[in-house]
Amino acid sequence: MSEPTVHTDSTPRERSAMLHFPEGFMWGAGTAAYQVEGATAEDGRGPSIWDSFCARPGAVLNGHSGETATDHYHRFAEDVALMAQLGLRAYRFSVSWPRVQPDGRGPLNPAGLDFYERLVDALLDHGITPALTLYHWDLPQALQEQGGWGARETAARFADYASAVARRLGDRVPLWATVNEPWCAAFLGHAAGVHAPGLVDPALSLRTAHHLLLAHGLATQALRAAVNRQARVSVALNLSPVSPAADTAVDHDAARRIDGLLNRMFADPLLHGAYPDDVRADTRHLTDWSFVRPGDEHTIASPIDLLGVNYYSTKTVAAGGQALGPSPWPGAETVRFRVPEERPVTAMGWPIEPSGLTELLRWLHTRYPHTPLLVSENGAAFEDCVDQAGQVQDTERVCYLHDHLAAVHAAISAGVDVRGYFVWSLLDNFEWTFGYSRRFGITYVDYTTQRRLLKSSARWYRDVIAANAVPTS
Ligand code: IFM
């Protein structure tokens with residue numbers, strides 16, 4: 001791996017051409033267990049719903065799976081050294097529930113907990129803050145067989161698992177997130193069927209979303225009882241500003257529905273203690289919402305210290321059309337998603353919209369004024385390749401990160417309380433349904449040799465962290 005140069009000595013003129021971030025701003029990068037660890041059948045780990053989903057013919061591109069992934073389970077020490085080389089202040093990773101508790105209930109797997117303890121200790125030894133997410137979609141398969149997230153009981157099991165992890169690591173991990181992107185787990189997994197467990201049942205997907213939120217609330221309470229008093233608790237939501245394609249009543253209504261299902265359905269119960277009335281009304285033909293029991297919304301709104309915001313793009317929507325098969329939008333299946341023609345897109349086909357991040361952060365600050373925010377994921381997939389000089393010159397990613405960090409800076413300048421930023425992702429990794437075909441890393445991974453190679457974006461990010469600032473342009 002080549003040694004990039006860090007340019008921290010700057011003239012006053014150069015300094016004024018920089019956008020400075022607040023002192024102590026948390027610069028990080030993230031991964032998730034199933035996407036990087038591999039070792040799916042080692043040291044007592046039980047199977048997860050993603051192992052089962054990947055084994056289903058046609059479910060994942062090229063039949064890929066997380067069986068080996070980036071072998072982080074065996075290479076975590078090398079990866080922590082790489083983080084230190086970049087000067088990362090924090091590393092966001094997730095704990096694999098079936099590695100720690102193979103059946104999702106009952107006995108713990110000491111070897112699983114030992115792994116996370118070794119990882120956390122290695123991070124602390126390098127002065128890197130561990131930011132631990134308890135659930136990034138790898139439910140123990142044994143729990144799926146008892147109803148998965150469709151069963152209310154799973155929320156209680158999750159709180160037990162949270163307690164177990166907190167009892168072991170609560171003295172050392174200062175930043176906890178309960179659930180990552182419940183929208184994806186609920187709607188991609190149970191309505192569109194394109195994520196594990198691969199079910200197509202819109203009514204079930206709404207119940208599932210509620211149980212994921214309930215699990216968050218119960219786990220938050222369990223964490224408070226077990227972690228040290230300074231530790232902060234959060235949840236990470238995938239959120240996007242939604243706009244109508246045309247200034248018509250029907251497109252405005254489509255935008256309201258999608259905003260309801262994506263943003264307000266999750267953030268409102270968490271931070272206002274109630275599901276939005278319009279979302280309940282829009283989905284009334286699918287479910288009577290009787291899965292929400294008295295007191296649940298209060299539990300879901302258990303106070304959190306930070307809201308994690310995962311931002312990738314905006315959404316532009318139009319009304320009309322016919323449902324084209326399974327959709328991740330229960331009750332809004334006919335809404336169409338448009339990519340405005342002039343917008344560049346990433347390798348995921350997602351429009352690149354940095355200003356959407358400022359808009360989103362400002363909206364959150366206005367709607368939920370007392371909750372500090374953390375950009376817990378932001379990044380992009382591009383068609384990266386190693387050039388003849390053995391380098392990955394990912395200029396598009398550097399631009400993407402630059403423009404999104406400038407957007408975060410604009411929100412902070414407008415008074416929004418943003419505490420940190422985590423690039424998605426530290427490493428190229430298993431991108432779910434897309435297998436290994438989409439590279440989000442600032443570090444290139446050669447999947448044949450597992451060799452890591454810093455991309456230009458990693459070197460650029462290292463300079464940003466060192467300067468606590470991004471250049472204005
Ligand atoms: O890779 C995912 C991650 O697991 C969750 N948020 C979005 C990323 C890119 O799709």
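Rundown of residues vs (1) acidic (Asp, Glu); (2) out of contact with any Ser or Thr (no Cβ under 9 Å at 6 or more places or on another chain); (3) closer than 28 Å to residue 377 by Cα; (4) touching a residue at least 12 places away in the same chain (Cβ under 8 Å), yes/no style:
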position	(1), (2), (3), (4)
273	no, yes, yes, yes
297	yes, yes, yes, yes
302	no, no, yes, yes
305	yes, no, yes, yes
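Please find, among 86, 123, 143, the residue that is touching a residue at least 40 places away in the same chain (Cβ under 8 Å), aliphatic (A, V, I, L, M), more than 16 Å from the ligand (Cβ to nearest atom) and farther than 25 Å from residue 423 by Cα.
One residue alone meets the criteria, 143.
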| query | Residue check: is residue 269 touching a residue at least 60 places away in the same chain (Cβ under 8 Å), touching a Phe, Trp or Tyr at 6+ places or on another chain (Cβ under 9 Å), buried (at least 19 other Cβ atoms within 10 Å of the Cβ) and within 21 Å of residue 211 (Cβ to Cβ)? | reply | no
| note | Among (1) out of contact with any Pro (no Cβ under 7 Å at 6 or more places or on another chain); (2) of a type in the set (D, E, K, R); (3) in a helix (DSSP H, G or I), residue 384 falls short only on (3)
| Does any residue of region 160-173 turn out to be surrounded by 24 or more Cβ atoms within 10 Å (Cβ to Cβ), within 16 Å of the ligand (Cβ to nearest atom) and modelled with pLDDT of 95 or more? | no
| request: Filter region 413-466 for residues that are of a type in the set (A, V, I, L, M, F, W, C), buried (at least 20 other Cβ atoms within 10 Å of the Cβ) and out of contact with any Lys or Arg (no Cβ under 8 Å at 6 or more places or on another chain) and give the result. | output: 418, 423, 424, 426, 430, 432, 440, 454, 458, 460, 464
| Any pair with Cβ under 7 angstrom, 6 or more apart, that starts in region 374-398 at a residue that is of a type in the set (S, T, N, Q) and ends at one that is assigned to a helix (DSSP H, G or I) and away from the ligand (no atom under 16 Å from the Cβ) | 393/456; 395/456
| Residue count for region 397-441, restricted to those that are within 16 Å of the ligand (Cβ to nearest atom) and outside any strand (DSSP E or B) | 19
| task | Would you confirm whether any residue within region 53-75 is more than 16 Å from the ligand (Cβ to nearest atom), out of contact with any Pro (no Cβ under 8 Å at 6 or more places or on another chain), among the hydroxyl-bearing types (Ser, Thr, Tyr) and at pLDDT below 95? | result | no
| message | in a strand (DSSP E or B), away from the ligand (no atom under 11 Å from the Cβ) and not hydrophobic (A, V, I, L, M, F, W, C): is that true of residue 444 in this structure? | response | yes
| query | If you check 331, 325, which single one turns out to be more than 16 Å from the ligand (Cβ to nearest atom), assigned to a loop (DSSP other than H, G, I, E, B) and surrounded by 21 or more Cβ atoms within 10 Å (Cβ to Cβ)? | reply | 331
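Given 356, 308, which one is part of a strand (DSSP E or B), within 16 Å of the ligand (Cβ to nearest atom) and within 19 Å of the chain's Cα centre (by Cα)? Before the answer, list the steps.
Working: 356 fails: part of a strand (DSSP E or B).
From the options 356, 308, the qualifying one is 308.
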| task | Report whether or not residue 338 is over 18 Å from the mean Cα position of the chain (by Cα) and without any contact (Cβ under 8 Å) to a residue 40 or more places away in the chain. | result | no
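The values are calculated or read from the model by the stated rules, or taken from the named source; none is laboratory data. If you're wondering where the values come from, they're calculated on a predicted model, not measured in any experiment. All Cβ positions, glycine included, derive from the backbone under ideal geometry; neighbour counts span all protein chains shown.
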